[in-house]
Amino acid sequence: MNGDRFTGRGRVGSSGCLGIGRIAFAVAWALLCASAAPASAQAPLTSLHAIHTLTKAEAQSGHPVAFEATVTYYNRSDVDLFVQDGGEAIYVETKPDEDLVPGDRVLVRGKTRDSFTTDVLGEDVTVLHHGELPTPVAANFGQMIRAERDCMWATVRATVRSADRVNFGQMHGIFLKLLMDGGAIDATVVGSDAIGLDQFLDADVEVTGVVSGRFDSKMQLIGILLEVPSITNVKIVKRAEVSPDSLPIAPMNQVLSAYSLHDLTHRVRVKGTITYYQPGSAVVLQNGATSLWISTHSSTPMRVGDVAESTGFPDTHDGFLTLTDGEIRDTSVFDPVLAQPATWRQLATWNSGDPDGHQSDLISFEGKVMAAVREDSQDEFVLQSEGKLFTAIYRHPPSDRALPPMREIAVGTRIRVTGICMADQPGSISPEEQEVPFNILLRSFDDIAVVAKPSLLSVRNLLLLTGFLLLLLFLAGARGWSRERKVRRQNGAAAFIERQRSRILEDINGTRPLAEIIEEIADLASYKMSSAPCWCQIVDGAQLGKRPPDLSSFGVIQVEILGRSGTSLGTIYAAIHPHAKTHGGETETLNMAAALAALAIETRRLYSDLVRRSEFDLLTDTHNRFSLGSYLDQQIEQARQFAGIFGLLYIDLNDFKKVNDVYGHQIGDLYLQEVAVRMKRQLRGADMLARLGGDEFAILLPTVRNRAAVEDIAHRIGLCFESPFCFDGPIIHGSASIGIALYPEDGASRDSLLSAADAEMYVNKQVRRENISGQLRS
């Protein structure tokens, strides 16, 4: 079980609470330092009461604070700190690995910010002395779900529904699912590895901890979480009457016989503009920056853009607020919501990018069509943006009529889609990941607008062009052959010539070496000219065919081999003996041979170019991700066969986004090209440099003795960034974060090696950021 199942406040809009705050702290620390100068002019607030009286705008401005309070909860592996003074409590985001324990009296310095409620971004926490914890207050479910006990040190009475061991970053603990009068809550208990958990199941317990919550991406409360510092704060009041291990085995198809539910949830009423309607299934209402998914059974016609009211029962689904059993009333007042433009990163990046989240919001988004699929229930358009894939879905309305034709959009077309953003459950990702899959729900095909038609320069069009050229050249050859056949109708040589020409055309589209095809063309021309010696001289290439050693007694005719762009590809020659019988068609024969030779040469060059484009990055002239994957698989197979080792480096350029933002993408491209050149100079002949995309590179080191050799090459790569990059004005001081993986020590598969190197690179990047942050603080 990963920590992201729980909710903490170290990550704004998070669905996870512990072991995941380091990234948010680094970002918040930078913001804190950046705003230090103007905020210092304000007198700091010295009490929790004064902080809680701030308005949202005042809290968001970052008002300085300096107050004393008692620590009620802190986990060394995270940044979450809860403190209390008298009857008021607050959340403080601080640094991990602080020497803090519950009961410490501390002086907190920092700045306020607006979150679920006003909380504090801690700059410094100083221990004054150790004392007693405050007396816990009693809390019931209603008080907690209404946030009346938020951040307070409190005691609850509940029944344990489940008890499991989990990981909080680098620490271990227990996750409890508790049932109270009024609803279910969660509790996380730090430590306690050796304790048996079976004793808690179905027991009535008294739990003392800090009242926190679980939140969705818009920082809306979706559940209650108790942060419990120790298992000693969980007391069994009454053990279960029956041990779970002694329960009788129930047939799987009869387990529902034990189901019981007493739901006292009250109906609520909301109002907003209809942005999505699927009859008999769901309605989405949006009001300003907030939106809500409402499950409904209604099939009454409603118009998207009308203001509507809905009543229903509050619930959560996949970590997001919803209303169930919704009853919708369309007011017929048309007040449409404008779609908010968004990028892939804003929609897919969890806890960074847009802090408000876009779940259920009406957004517009651009991407390139990669595929379109029709199903019985829906049409799907697979789109690509920023190198990532996502799906735009149009669900067919229920109808007995035949489906209307699917909107035809050519692959490669850039489109803008407008619809409802639906993200997958954020709790399904691990703490290290930041990206959440999402889909766009379309209301109709009118939500698709074509931005740009597909580029004419594509593999498909190139193949069509090649086929067209083949057809043209074939027709030209067939025309010449037809004329020759009329002259030699009675000669069986025409059939042989046709077979040879067809064979040549097949070989051109096959795998036969080009040199053999050119020699075959020369032989065909020689046969048509009564065995006159013919040969080809390829530009900057070989001489192929049968050239007589002495040409003094021959008359030589020649035809230049021209490509379709008019460039010279070579020359085809024929040596005519003075006494040989000629028929006047020698030049025509050479023209036919030159056309076949041009076709053969350009087809092979086109194929080579397509192969290279599929294996190399056009900007940096290095291998691409797919080429690296292929070579990695080959290297793993070879290493397995000979019990060898090899190394892999994962390289990420630091602050590359700033280069594009400050100097523009043209300088950014030049910077990437120069980085590739410098790294290539540090490599050996057998080493392979690949660009994975954006500012990420990888280096395959097939021959290494040990990890020290890999580290030495990584060190050389790092040193090549020390000299500044100069581009006719801008001077860039670059650097890179590098991760190392050694086969088979760090992984025995392609994915595990890349993941290991990527993980180490990410750690090095974080260490660098923390060092920079430390230097800024000092």
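Among the criteria (1) surrounded by 13 or more Cβ atoms within 10 Å (Cβ to Cβ); (2) outside any helix (DSSP H, G or I), the one residue 757 does not fulfil is (2). Across the range 148-175, the qualifying residues are those that are assigned to a loop (DSSP other than H, G, I, E, B) and either of a type in the set (Phe, Trp, Tyr) or at pLDDT below 90 (or both), and the one among them that is surrounded by the fewest Cβ atoms within 10 Å (Cβ to Cβ) is 170.
I'd like to know if the range 729-741 contains one or more residues that are closer than 30 Å to residue 123 by Cβ, open to solvent by 70 Å² or more (accessible area, probe 1.4 Å) and part of a loop (DSSP other than H, G, I, E, B). Yes, the range 729-741 has at least one match. Taken over the range 62-86, the residue count meeting the criterion of being more than 18 Å from residue 188 (Cβ to Cβ) and at pLDDT below 90 is 1. Number of residues in the range 194-226 that are open to solvent by 10 Å² or more (accessible area, probe 1.4 Å), part of a loop (DSSP other than H, G, I, E, B) and either free of Cβ contacts under 8 Å to residues at least 12 places away in the same chain or farther than 30 Å from residue 361 by Cα (or both): the value is 6.
Just one of 746, 751 is open to solvent by 30 Å² or more (accessible area, probe 1.4 Å) and out of contact with any strand residue (DSSP E or B) (no Cβ under 9 Å at 6 or more places or on another chain); which is it?
Criteria check complete, one pass: 751.
Which one is most open to solvent (accessible area, probe 1.4 Å) among residues in the range 645-666 that are without any contact (Cβ under 8 Å) to a residue 60 or more places away in the chain and within 26 Å of residue 715 (Cβ to Cβ)? Among those residues, the one meeting the criterion is 657.
Identify the single condition in (1) open to solvent by 60 Å² or more (accessible area, probe 1.4 Å); (2) free of Cβ contacts under 8 Å to residues at least 24 places away in the same chain that residue 143 does not satisfy, given that it satisfies every other one. Among (1) open to solvent by 60 Å² or more (accessible area, probe 1.4 Å); (2) free of Cβ contacts under 8 Å to residues at least 24 places away in the same chain, the lone unmet condition for residue 143 is (1).
Go through the residues of the range 341-357 one by one and say whether even a single one is more than 16 Å from the chain's Cα centre (by Cα) and modelled with pLDDT of 85 or more.
So far as the range 341-357 goes, yes, one or more of its residues are more than 16 Å from the chain's Cα centre (by Cα) and modelled with pLDDT of 85 or more.
Taken over the range 566-591, the criterion of being touching a helix residue (DSSP H, G or I) at 6+ places or on another chain (Cβ under 9 Å) and either open to solvent by less than 20 Å² (accessible area, probe 1.4 Å) or not in a helix (DSSP H, G or I) (or both) is satisfied by 569, 570, 571, 572, 573, 574, 576, 583, 585, 589, 590. Test each condition in (1) open to solvent by less than 80 Å² (accessible area, probe 1.4 Å); (2) modelled with pLDDT under 80 for residue 544 and report the one that comes out false. In the conditions (1) open to solvent by less than 80 Å² (accessible area, probe 1.4 Å); (2) modelled with pLDDT under 80, residue 544 misses (2) alone. Restricting attention to the range 691-713 and to residues that are within 18 Å of residue 755 (Cβ to Cβ) and assigned to a strand (DSSP E or B), the residue that is farthest from the chain's Cα centre (by Cα) turns out to be 701. Of all the numbered requirements in (1) among the aromatic types (Phe, Trp, Tyr); (2) at pLDDT below 95; (3) assigned to a strand (DSSP E or B), residue 116 misses one, and that requirement is (3). Checking 392, 402 one by one, the residue that is modelled with pLDDT of 80 or more and small (Gly, Ala, Ser) is 392 and no other. When residues in the range 701-744 are screened for being of a type in the set (Ser, Thr, Tyr) and in contact (Cβ under 8 Å) with a residue 60 or more places away in the chain, 3 of them pass. No other residue among 316, 300, 311, 324 is of a type in the set (Ser, Thr, Tyr), open to solvent by 30 Å² or more (accessible area, probe 1.4 Å) and under 30 Å from residue 173 (Cβ atoms) apart from 316.
Closer than 27 Å to residue 615 by Cβ and crowded, with 18+ Cβ neighbours inside 10 Å: is that true of residue 669 in this structure? Judged against the criteria, residue 669 is not a match. Applying the condition of being surrounded by fewer than 15 Cβ atoms within 10 Å (Cβ to Cβ) and not charged (D, E, K, R) to the range 263-280 and asking which residue is farthest from residue 378 (Cα to Cα) yields 264.
Please work out which residue is modelled with the highest pLDDT, limiting yourself to the range 227-253 and to residues that are among the polar types (S, T, N, Q) and surrounded by fewer than 10 Cβ atoms within 10 Å (Cβ to Cβ). Working first, answer last.
Within the range 227-253, the subset among the polar types (S, T, N, Q) is 230, 232-233, 243, 246, 253.
Narrowing the set further to residues that are surrounded by fewer than 10 Cβ atoms within 10 Å (Cβ to Cβ) leaves 246, 253.
On the way: 246: 83, 253: 75.
This residue is 246.
Between 216, 245, 181, 186, the distinction of being farther than 29 Å from residue 322 by Cα and among the acidic types (Asp, Glu) belongs to 245 only. Tell me, yes or no, whether the range 327-334 has at least one residue that is at pLDDT below 90, more than 15 Å from residue 273 (Cβ to Cβ) and open to solvent by less than 20 Å² (accessible area, probe 1.4 Å). No: zero hits.
Whenever a residue of the range 675-700 is touching a residue at least 24 places away in the same chain (Cβ under 8 Å), its partners that are polar (S, T, N, Q) and part of a loop (DSSP other than H, G, I, E, B), lying with C-beta atoms within less than 7 angstrom and at least six residues away or across chains, give the pairs 676/620; 691/620. One residue alone among 45, 107 is in contact (Cβ under 8 Å) with a residue 60 or more places away in the chain and open to solvent by 10 Å² or more (accessible area, probe 1.4 Å), and that residue is 45.
Filter the range 674-710 down to the residues that are β-branched (Val, Ile, Thr) and within 22 Å of residue 731 (Cβ to Cβ), then identify the one that is least open to solvent (accessible area, probe 1.4 Å). The extreme case among them is 675. Scanning the range 524-534 for residues that are part of a helix (DSSP H, G or I) and touching a helix residue (DSSP H, G or I) at 6+ places or on another chain (Cβ under 8 Å) yields 524, 525, 527, 528.
The values are calculated or read from the model by the stated rules, or taken from the named source; none is laboratory data. These numbers were taken from a predicted model, which means no experiment stands behind them. No Cβ is skipped: glycine too gets one built from the backbone with ideal geometry, and neighbour counts run over all protein chains shown. The accessibility values were calculated without ligands, DNA or RNA, using every heavy atom of the protein model including side chains. Shrake-Rupley method; radii C 1.70, N 1.55, O 1.52, S 1.80 Å.
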